[in-house]
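What follows is a set of notes on a single structure, which appears directly below.
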Amino acid sequence: MRNLILIFTLIIFTGTTVKAQEFVYFGAKGGLNLTNMNSDSFSETNSRTGFHLGLLAEIPLGNRFSLQPEVLYSTQGTEADVIMLGGGPIQTEYNLDYVQVPVLAKIYLTESLSIEAGPS
C-alpha cells in the first residue's frame, strides 16, 4: 500500500512539474453499483445495490491526452443461498467494501468526449 501511495504521489508531482503551464484538475466521482457473485456453493444469488464515491485528479500531458489517478470507495457484494453439507441452503449476505485506486489514461476524441482505460 505504501508503494502505491508513493507511485500516486510521484505521478502527480511529475505531471505538474513537466507541464507546469497546464492546470491539474481535481474533481469528485460517484455512481451506482449493481453487483453479483457466483460460486459452486451458491444455489441462488441476488444482486446487491451499492455505490462508489471518490476523488480524482486529471493531469494534462498533451492537447488530447491526460493521466487521471483516482481514489474510490466502493460497496459491492451479493445475497446468496449457500449449500451446506448434510443440510439445506442457508441465506447469507456478502457485503464487500473496497478502496480502489485506478490510474487511467484519458484520450480526448473531441473537446467534450473522451475514452479512459487503465488498471484499477
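The values are calculated or read from the model by the stated rules, or taken from the named source; none is laboratory data. This structure is a prediction, so every number in the text was calculated from the model and none was measured. We place every Cβ from the backbone using ideal geometry, glycine too, and count neighbours over all the protein chains shown.
Only residues that are closer than 22 Å to Ser74 by Cβ and assigned to a strand (DSSP E or B): list them for the stretch 98-113, please. Result: Tyr98, Val99, Gln100, Val103, Leu104, Ala105, Lys106. Checked against the criterion of being aromatic (Phe, Trp, Tyr), touching a residue at least 24 places away in the same chain (Cβ under 8 Å) and outside any strand (DSSP E or B), the stretch 59-67 contains not a single residue that satisfies it. Residue count for the stretch 26-42, restricted to those that are farther than 21 Å from Leu104 by Cβ and surrounded by 11 or more Cβ atoms within 10 Å (Cβ to Cβ): 5. Leu96 meets all of the listed conditions (1) hydrophobic (A, V, I, L, M, F, W, C); (2) at pLDDT 95 or above; (3) exposed (fewer than 14 other Cβ atoms within 10 Å of the Cβ) but one, namely (2). I'd like the full set of residues that are in a loop (DSSP other than H, G, I, E, B) and either of a type in the set (S, T, N, Q) or at pLDDT 80 or above (or both), limited to the stretch 15-39. Within the stretch 15-39, Gln21, Phe23, Val24, Asn36, Met37, Asn38, Ser39 qualify. Testing Pro102 on (1) within 15 Å of Leu53 (Cα to Cα); (2) out of contact with any Leu (no Cβ under 8 Å at 6 or more places or on another chain), one condition comes back false. Which one is that? Unmet for Pro102, out of (1) within 15 Å of Leu53 (Cα to Cα); (2) out of contact with any Leu (no Cβ under 8 Å at 6 or more places or on another chain): (2).
Can you name every residue in the stretch 76-99 that is among the aliphatic types (A, V, I, L, M) and closer than 17 Å to Phe51 by Cβ? Within the stretch 76-99, Leu96, Val99 qualify. Please verify whether Thr49 is surrounded by fewer than 13 Cβ atoms within 10 Å (Cβ to Cβ) and in a strand (DSSP E or B), treating the condition exactly as stated. When the stated conditions are applied, Thr49 passes them.
Of all the residues in the stretch 66-93, those that are under 30 Å from Ala28 (Cα atoms) and surrounded by 13 or more Cβ atoms within 10 Å (Cβ to Cβ) number 14. Of the numbered criteria (1) charged (D, E, K, R); (2) within 25 Å of Leu32 (Cβ to Cβ); (3) part of a loop (DSSP other than H, G, I, E, B), the one Glu116 fails is (3).
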